[in-house]
Amino acid sequence: MNDKRSAILQEIPRLRRYARALLRDRDAADDLVQDCLERALRRLDNWRVGDSPRRWLFTIMHHLFVDQTRRARRRGEAFPVSHDEAGEVVSEPSQLDALAARDVADALQSIGSDRRAALVLVAVEGLSYAEAADVLGIPAGTLMSRVSRGREELRALLDDTSRRKSIKVVD
């Protein structure tokens with residue numbers, strides 16, 4: 001039992017990263033991780049020792065995210081998308097890498113949630129196509145299509161963003 005719990009605890013940073021990629025709101029992401037961990041611990045017998053808990057936990061989290069999104073739509077509630085919209089004060093980063101990372105994160109939020117979830121699982125979390133398809137409950141071919149379309153859309157958004165921005169050189 002302790003082996004299972006320690007294996008789950010080791011996955012918390014990955015769960016937090018995936019939740020933040022889905023929600024872009026730190027508090028909502030932490031709530032989603034907590035809900036995921038609570039459900040996982042209640043259903044600990046469903047996970048087999050020897051298997052990595054990552055896929056099992058991502059599946060639980062994805063189902064919770066979909067349920068929360070549907071519930072929010074039915075109620076007509078706004079689902080938090082970004083820190084800026086939540087009214088938090090954000091200071092502009094002073095490094096180019098931070099700017100590029102923000103552009104990627106913003107572009108990632110602009111694409112559909114299905115394509116975003118597929119891209120994050122495969123490109124960020126390093127799951128195989130088969131594992132990610134299993135987490136999302138879709139065929140592998142559908143996942144590959146979502147990843148491909150998501151990458152194309154992301155590339156187009158980032159190309160457009162870089163064209164709109166210009167750096168002014170002051171002597």
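Put a dot 7 Å past the Cα of residue 156, heading toward its Cβ, do the same for residue 3, and the two dots end up 4.9 nm apart. What the phi angles of region 132-147 give under the Karplus curve with 6.51, -1.76 and 1.60, with θ = phi - 60°, is a coupling list of 5, 4, 5, 4, 7, x, 10, x, 4, x, 5, 4, 4, 5, 5, 5 Hz, glycine and proline written as x. Among the trypsin sites (Lys or Arg not before Pro) found in region 1-43, those both in a DSSP coil and sparsely packed, with 11 or fewer other Cβ atoms within 10 Å of their Cβ, are 43. A full extension of the chain between residue 123 and residue 46 corresponds to an added length of 25.0 nm, given 0.36 nm per residue minus the alpha carbon distance. In this label model, residue 149 and residue 38 are separated by 3.4 nm, measuring between points 7 Å along each Cα→Cβ vector. Per-residue 3J(HN,Hα) values for region 9-20, derived from phi via the Karplus relation 6.51 cos²θ - 1.76 cosθ + 1.60 with θ = phi - 60°, read 4, 5, 8, 4, x, 5, 4, 5, 5, 5, 5, 5 Hz in sequence order (x marks Gly and Pro).
We did not get these values from a lab; they are worked out from the coordinates using the rules stated. Values in this document were obtained by computation on a predicted structure and should not be read as measured data. Cβ: placed from backbone, ideal geometry, glycine included. Neighbour counts: every protein chain shown.
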